[in-house]
Amino acid sequence: MILFELRCALQHHFEAWFRDGAAYEAQSAEGAIACPVCGDKDVSKAPMAPRLVQSRGDSPPPDFDRVAGDVRRALLEIKKQVQQNCDYVGDRFPEEARRIHYGESDVRPIYGEATHDEARDLHEEGVAVHPLPWISDAN
């Protein structure tokens with residue numbers, strides 16, 4: 001197994017394990033790797049020293065189903081908190097975020113939709129935005 005540090009086009013850094021370098025290359029070519037912060041699939045390896053792990057026959061395999069369930073519950077809780085505490089502005093999010101940033105609108109927490117390019121532009125302008133993985137309530 002090999003651990004790579006990855007980053008998306010919005011410069012979010014994250015780690016991911018792969019069977020080997022070829023497995024990373026294959027998944028990357030298929031667009032199967034996405035940023036866990038914003039969902040961007042424009043992902044590349046970040047500079048790092050890779051860590052290798054030898055498998056041990058006596059250690060139990062990770063419980064991926066439990067971990068996935070824990071992550072899903074955490075994301076649903078984040079979604080619930082955002083919906084309860086922020087104003088939904090829909091696809092006007094980039095415009096409203098700029099208005100708040102430049103003092104043209106009341107300061108308040110908002111959420112809505114933005115493309116990856118719009119989020120990148122806001123970030124480059126210094127507007128504090130944080131893309132979230134917005135998952136469905138259904139399983």
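The values are calculated or read from the model by the stated rules, or taken from the named source; none is laboratory data. Computed from a predicted structure; not experimentally measured. So basically every Cβ, Gly included, is an ideal-geometry build from the backbone, and we count neighbours across all protein chains shown.
A few remarks follow.
- Segment 6-16, subset of a type outside the set (Phe, Trp, Tyr) and under 24 Å from ASP121 (Cα atoms), residue surrounded by the most Cβ atoms within 10 Å (Cβ to Cβ): CYS8
- Condition check for ASP106: part of a helix (DSSP H, G or I) and among the acidic types (Asp, Glu): no
- Inter-residue pairs, beta-carbon under 6 Å, first in the same structural domain as GLY112 (by TED's automatic domain parsing) and in segment 69-90, second assigned to a helix (DSSP H, G or I) and not aliphatic (A, V, I, L, M), 6+ apart: VAL89/GLU96
- Taken as a whole, the condition of being in contact with a Phe, Trp or Tyr (Cβ under 8 Å, 6 or more places away or on another chain) and not in a helix (DSSP H, G or I) applies to VAL89.
- Count - residues of segment 109-131 that are in a loop (DSSP other than H, G, I, E, B) and either over 23 Å from the mean Cα position of the chain (by Cα) or of a type in the set (Ser, Thr, Tyr) (or both): 1
- Scope segment 59-104; condition of a type in the set (Gly, Ala, Ser) and either at pLDDT 95 or above or surrounded by 14 or more Cβ atoms within 10 Å (Cβ to Cβ) (or both); matching residues: GLY90, ALA97, GLY103
- Selection of segment 101-125 for residues being of a type outside the set (D, E, K, R), out of contact with any Cys (no Cβ under 6 Å at 6 or more places or on another chain) and in contact (Cβ under 8 Å) with a residue 24 or more places away in the chain yields HIS101, GLY112, HIS116, ALA119, LEU122, HIS123.
- From the options GLU104, GLU113, GLU96, residue that is touching a strand residue (DSSP E or B) at 6+ places or on another chain (Cβ under 6 Å) and outside the structural domain of CYS8 (by TED's automatic domain parsing): GLU96
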